[in-house]
Amino acid sequence: MGLPEKIKQIEEEMKKTQINKHTEHHIGLLKAKLARIRAELEASTSKGGGPAFEIRKGGDATVVLIGLPSVGKSTILNRLTNARSKVAAYAFTTLTVVPGILRYNGADIQILDLPGIISGASSGRGRGRRVLSVARNADLVLLVLDVFQPGQVELLKRELHEMGIRINQKPPDVVITKSGKGGLALTTSVKLTKLSQATVKGIAEAYGLTNGSILIREDITDDQLIDVLTGNRRYASALVILNKVDLVNEQYLAVVKRQVGTDFVPISAEKGLNMDMLTERIWETLDFIRIYLKRPDGEPDFDKPLILPAGSTLRDVCKKIHPRFVEGAKYAFVSGSSVKFEGQRVSLDHVPADKDVVTIMR
């Protein structure tokens, strides 16, 4: 029996099995087996999917536009950046990845216009795997919807999920350590309500993990545990964009909001409506901080801030200046909201806030 036949067999068994407390262990093992076989099939067929799109990451973050054909991705890119992506009133206008740079608040944000995807893209239809593989390296995914087809959001989420991209999720707080002998030890710091310890060990054994330890620090599902064991999942923030809203009224938008089931940014790329709002939401979602550097004997450089993710330390600031700059750095003087007084001396482990002024001492 080939891999596709095995996948179909497991999927049919899962459909026939009622989900309840008595079957959750069996379902968990089936999910683990299915995930492993799908990974094997993907590895065996990936060479035949054509060359990947070659895109060099640039700027302080990478944002991708994902959507079905003719939803207005190219027009959005042209409005946000200096790019000139081809625009036309027919499907599949964009045949490759078109990059552009959004400059905002001192940051250079790379925006990528990807070819439209279709149902089954994660399985390779319409060059879908090549397109979605670009999204795996993105810091932010923009799900672009046509105002008259808001239900497309579920298709986009499903295709991204099947490609191993987890949007608006954090990696499960699970630590797995492998060893050569001694059996499998499970430790939990929380009460597990979504799966049993037997299911945890059963799923781990389905992945060949029979010796080592599993430390679980949050109440996870069987799908989350499978994601950890698979080891190739990508986690990215996402925003839903509803385009062409100039063609509908407020009552229609209210209905769409209930259908989409999430917050969205209503825009009209063609008319330029709410593009400033979209730019601001992109900035907020990327969650950057701006650091103004100051030499010991000079003034702060307010024209060219250093852009870093919120939560970065001053050690990260040094690395952003130059990978080897941190080697000679000793401490820093900081002015701003992260310290109690202006020019406070702090260690390189200090976490600066947005718009802090920093002097690194070597």
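The values are calculated or read from the model by the stated rules, or taken from the named source; none is laboratory data. The model shown is predicted, which means the values in this text are computed figures rather than measured ones. Methodologically, a virtual Cβ is constructed for each residue, glycine included, from the backbone with ideal geometry; neighbour enumeration extends over all protein chains shown.
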* From the set of residues in the stretch 86-121 that are at pLDDT 60 or above and of a type in the set (Ser, Thr, Tyr), which is farthest from THR62 (Cα to Cα)? -> SER119
* Structure fact -> Counted residues in the stretch 198-242 being of a type in the set (Phe, Trp, Tyr) and surrounded by 15 or more Cβ atoms within 10 Å (Cβ to Cβ) come to 1
* Where ILE220 falls short, out of the listed (1) closer than 30 Å to SER268 by Cβ; (2) in contact with a Pro (Cβ under 6 Å, 6 or more places away or on another chain); (3) of a type outside the set (Phe, Trp, Tyr) -> (1)
* Structure fact -> Filtering the stretch 249-286 down to residues that are touching a strand residue (DSSP E or B) at 6+ places or on another chain (Cβ under 8 Å) and surrounded by fewer than 12 Cβ atoms within 10 Å (Cβ to Cβ) yields ASP263
* Asked: Considering only the stretch 150-184, how many residues are part of a loop (DSSP other than H, G, I, E, B) and of a type in the set (D, E, K, R)?
  -> 3
* Asked: Can you tell which of PRO296, PRO305 is surrounded by fewer than 16 Cβ atoms within 10 Å (Cβ to Cβ) and closer than 13 Å to VAL357 by Cα?
  -> PRO296
* Asked: Can you pull out the residues in the stretch 47-85 that are assigned to a helix (DSSP H, G or I) and either surrounded by 13 or more Cβ atoms within 10 Å (Cβ to Cβ) or modelled with pLDDT of 55 or more (or both)?
  -> LYS73, SER74, THR75, ILE76, LEU77, ASN78, ARG79, LEU80
* Among all residue pairs at least 6 apart or on different chains, which show Cβ distances below 8 Å where the first residue, located in the stretch 13-41, is more than 18 Å from LEU229 (Cβ to Cβ) and among the polar types (S, T, N, Q) and the second is modelled with pLDDT of 85 or more and buried (at least 16 other Cβ atoms within 10 Å of the Cβ)? -> THR17/ILE27; THR17/LEU30
* To do: Could you list all residues from the stretch 202-233 that are small (Gly, Ala, Ser) and farther than 16 Å from HIS25 by Cα?
  => GLY208, GLY212, SER213, GLY231
* Structure fact -> Residue hits (the stretch 170-187; surrounded by 13 or more Cβ atoms within 10 Å (Cβ to Cβ), in contact with a strand residue (DSSP E or B) (Cβ under 6 Å, 6 or more places away or on another chain) and in contact (Cβ under 8 Å) with a residue 40 or more places away in the chain) are VAL174, ILE176
* To do: Kindly list, by first and then second residue, each pair from a residue in the stretch 192-213 that is in contact (Cβ under 8 Å) with a residue 12 or more places away in the chain and on the phi > 0 side of the Ramachandran plot to a residue that is assigned to a strand (DSSP E or B) and surrounded by fewer than 18 Cβ atoms within 10 Å (Cβ to Cβ), limited to pairs with Cβ atoms under 8 Å and residues at least 6 apart or on different chains.
  => GLY212/ILE176; GLY212/THR177; GLY212/LYS178; GLY212/LEU184; GLY212/ALA185
* Asked: Hey, does the stretch 328-347 have a residue that's exposed (fewer than 12 other Cβ atoms within 10 Å of the Cβ), over 27 Å from GLN169 (Cβ atoms), touching a helix residue (DSSP H, G or I) at 6+ places or on another chain (Cβ under 8 Å) and not assigned by TED's automatic domain parsing to the domain that holds ASP146?
  -> yes
* Structure fact -> A careful count of residues in the stretch 126-149 that are assigned to a loop (DSSP other than H, G, I, E, B) and either within 14 Å of PRO69 (Cα to Cα) or modelled with pLDDT under 85 (or both) gives 3
